[in-house]
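A.B. asks: Could you have a look at this structure, given as structure tokens, before my questions?
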Amino acid sequence: MANALKKTVTTLPAQLWQSLTWDRGKELSDHARFTIESGVKVFFADPRSPWQRGTNENTNGLLRQYFPKGIDLSRWSEQEVQAVARTLNNRPRKTLSWKTPAEALNDYLKSVA
């Protein structure tokens, strides 16, 4: 997981990968190496405190429409996973004043340029 995450964050603008908040699952058990190799600081939500990662919890629910909880993601190709990401990143969200995540990201990047 740490290797895949490192590969992904380095494709993003540097402003977006200064820190990461994760839950306490085993997925990022190698967080110390990830931080050293990527420079991304990793923070963890408190146990049983999903409200500390509200947008993430909502996104997890949307992702489960495509990938049920507990399923092995290696069953899908990178292209299939990216297609789901594109679909969700182009879906308007109430929390973004009905902008899509892609639009909100673009607006943010323009504002910090």
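The values are calculated or read from the model by the stated rules, or taken from the named source; none is laboratory data. Worth saying up front: this structure is predicted, and the values here are computed from it rather than measured. With ideal geometry, Cβ positions are generated from the backbone for all residues, glycine too; neighbour counts draw on all protein chains shown.
A.B. asks: Under the condition of being more than 12 Å from the chain's Cα centre (by Cα), among the charged types (D, E, K, R) and surrounded by 10 or more Cβ atoms within 10 Å (Cβ to Cβ), which residue from the stretch 46-75 is modelled with the highest pLDDT? If you could, list the steps in order and put the result at the bottom.
C.D. replies: Kept after step one, since they are more than 12 Å from the chain's Cα centre (by Cα), are these residues of the stretch 46-75: 46-52, 54, 61-62, 64-75.
Next, only the ones that are among the charged types (D, E, K, R) stay: 46, 48, 64, 69, 72, 75.
Right, trim to surrounded by 10 or more Cβ atoms within 10 Å (Cβ to Cβ) and you get 46, 64.
Values: Asp46: 87, Arg64: 93.
For the stretch 46-75, the residue satisfying everything is Arg64.
A.B. asks: Where in the stretch 1-77 are there helices (runs of 4 or more DSSP H), lying fully within it, with 3 or more residues that are over 24 Å from Ala104 (Cβ atoms) and small (Gly, Ala, Ser)? So that I can check it myself, show each step before the final result.
C.D. replies: Numbers: elements: 2-9, 31-38, 54-63.
It comes to none.
A.B. asks: If I ask for residues that are over 21 Å from Val112 (Cβ atoms), of a type outside the set (Ser, Thr, Tyr) and surrounded by 13 or more Cβ atoms within 10 Å (Cβ to Cβ), which ones from the stretch 28-45 would you list?
C.D. replies: Passing the criteria: Leu28, Asp30, His31, Phe34, Glu37, Val42, Phe44, Ala45.
A.B. asks: Is it the case that the stretch 9-22 has a residue that's surrounded by 14 or more Cβ atoms within 10 Å (Cβ to Cβ) and of a type in the set (S, T, N, Q)?
C.D. replies: Looking through the stretch 9-22, none of the residues is surrounded by 14 or more Cβ atoms within 10 Å (Cβ to Cβ) and of a type in the set (S, T, N, Q).
A.B. asks: Quickly run through the stretch 28-48 and pick out the residues that are touching a helix residue (DSSP H, G or I) at 6+ places or on another chain (Cβ under 9 Å) and among the charged types (D, E, K, R).
C.D. replies: Asp30, Arg33, Glu37, Lys41, Asp46 - these are the residues of the stretch 28-48 that are touching a helix residue (DSSP H, G or I) at 6+ places or on another chain (Cβ under 9 Å) and among the charged types (D, E, K, R).
A.B. asks: List every residue pair whose Cβ atoms sit under 8 Å apart, with the two residues 6 or more apart in sequence or on different chains, where the first one lies in the stretch 58-86 and is among the β-branched types (Val, Ile, Thr) and the second, anywhere, is modelled with pLDDT under 90.
C.D. replies: Val81/Leu73
A.B. asks: I would also like to ask the following. Any residue at all in the stretch 83-103 that is touching a strand residue (DSSP E or B) at 6+ places or on another chain (Cβ under 8 Å), in a helix (DSSP H, G or I) and closer than 18 Å to Thr11 by Cβ? Explain how you work it out, then say what you get.
C.D. replies: Keep residues of the stretch 83-103 that are touching a strand residue (DSSP E or B) at 6+ places or on another chain (Cβ under 8 Å), which gives 92-93, 99-101.
Next, from what is left, pick out any that are in a helix (DSSP H, G or I): 101.
Adding the requirement that they be closer than 18 Å to Thr11 by Cβ leaves 101.
Within the stretch 83-103, one or more residues are touching a strand residue (DSSP E or B) at 6+ places or on another chain (Cβ under 8 Å), in a helix (DSSP H, G or I) and closer than 18 Å to Thr11 by Cβ.
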